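Take a look at the structure below.
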Amino acid sequence: MKLSTPLTTILCTVPAFAAPFTSQRRDRHLKRAAQRQSNPPIPVVETTLDSTHVGIPVNTTHAEYSTNWAGAVLIGTGYKSVTGTIVVPTPSIPSGGSSKTEYAASAWVGIDGDTCSTSILQTGVDFYVQGSTVSFDAWYEWYPDYAYNFASIPISAGNTITMTVTASSVSGGSATVTNESTGKTVTHTFTAQSAHLCETNAEWIVEDFSSSGGLVPFADFGKVEFTGASASTGSATVGVTGASILDIKQSGTVLTSCAVSGSSGVVCDYV
């Protein structure tokens, strides 16, 4: 989840970016980051398929759609840690899109945010594309506080990234991102958070996050596959078997097709 934060905070915490931005583009990126906001899954009221969906390989194992979340959610009790690994995709402009518009998507793992919306511990990677330029950010957050970018972990398309969140208590924990391709690991530790976790949700999500009160133009992310997806309750480790599946549906059109793959995989395709 990404909430707006003062630009001065972002400037202090995010001095560099993986992509070779010009100074003007970097400024625009920082201003956009200062306005970013994520939300709990926003339900889609209408669920009847129409001619718009003919030929689209939508997931038929559920009837859960959201305007901003796609992926898998485990609902249970006592989740203490969630992890998953992705290969960073190369985002592209969706069909009919404009090269002048910046499109974005985010992939993350988290604890809570679905049936428990009071707090979310999460970490992930954002993908951006505008024209022929792509860029990536790694970030961490304890919602409803702001999201902050990790400043020192360059990320490129094709890198293998492992994301892990761990709750040491309902008010503290850590977020870790490891770039397996470069050997770089970054961790942020949270303490004494005023918003407490419920520890009832474990998530592997591709998100269309918000900016200035509306969803950002959603990038064609191709495919995001979470491998090694698991959650720990402290006494046991479980995979994604039995997880609820969400797909993104906007203006009557289904944009993703997600499914569980085996006991430890979640696959989301842009459709």
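Looking only at residues of segment 189-227 that are modelled with pLDDT under 95 and either part of a loop (DSSP other than H, G, I, E, B) or among the β-branched types (Val, Ile, Thr) (or both), we find that the one that is surrounded by the most Cβ atoms within 10 Å (Cβ to Cβ) is Val216. Among residues of segment 69-95 that are over 20 Å from Val267 (Cα atoms), those with a beta-carbon under 7 Å from a residue that is among the acidic types (Asp, Glu) and assigned to a strand (DSSP E or B) at least six positions away or on a different chain give the pairs Ile93/Asp220. Scoring Gly113 on the criteria (1) in a loop (DSSP other than H, G, I, E, B); (2) surrounded by fewer than 20 Cβ atoms within 10 Å (Cβ to Cβ); (3) touching a residue at least 60 places away in the same chain (Cβ under 8 Å) leaves a single failure, condition (2). Scanning segment 91-103 for residues that are part of a loop (DSSP other than H, G, I, E, B) and either touching a Pro at 6+ places or on another chain (Cβ under 6 Å) or exposed (fewer than 15 other Cβ atoms within 10 Å of the Cβ) (or both) turns up Ser95, Gly96, Ser98, Ser99, Lys100, Thr101.
If you filter segment 106-148 down to residues that are among the small types (Gly, Ala, Ser) and under 22 Å from Ala243 (Cα atoms), you find that the one that is modelled with the lowest pLDDT is Ser117.
In segment 65-90, the residue that is surrounded by the fewest Cβ atoms within 10 Å (Cβ to Cβ) out of those that are more than 14 Å from the chain's Cα centre (by Cα) and not in a strand (DSSP E or B) is Thr77. Within segment 171-184, the set of residues being surrounded by 16 or more Cβ atoms within 10 Å (Cβ to Cβ) and not in a strand (DSSP E or B) comprises Ser171 only. Pull up segment 151-172, narrow it to residues that are modelled with pLDDT of 95 or more and hydrophobic (A, V, I, L, M, F, W, C), then point me to the one that is farthest from His196 (Cα to Cα). Filtering first and then ranking leaves Ala157.
The values are calculated or read from the model by the stated rules, or taken from the named source; none is laboratory data. Given the structure is predicted, the values throughout are model-derived calculations rather than measurements. Cβ sites come from the backbone with ideal geometry, for glycine too, and all protein chains shown count toward neighbours.
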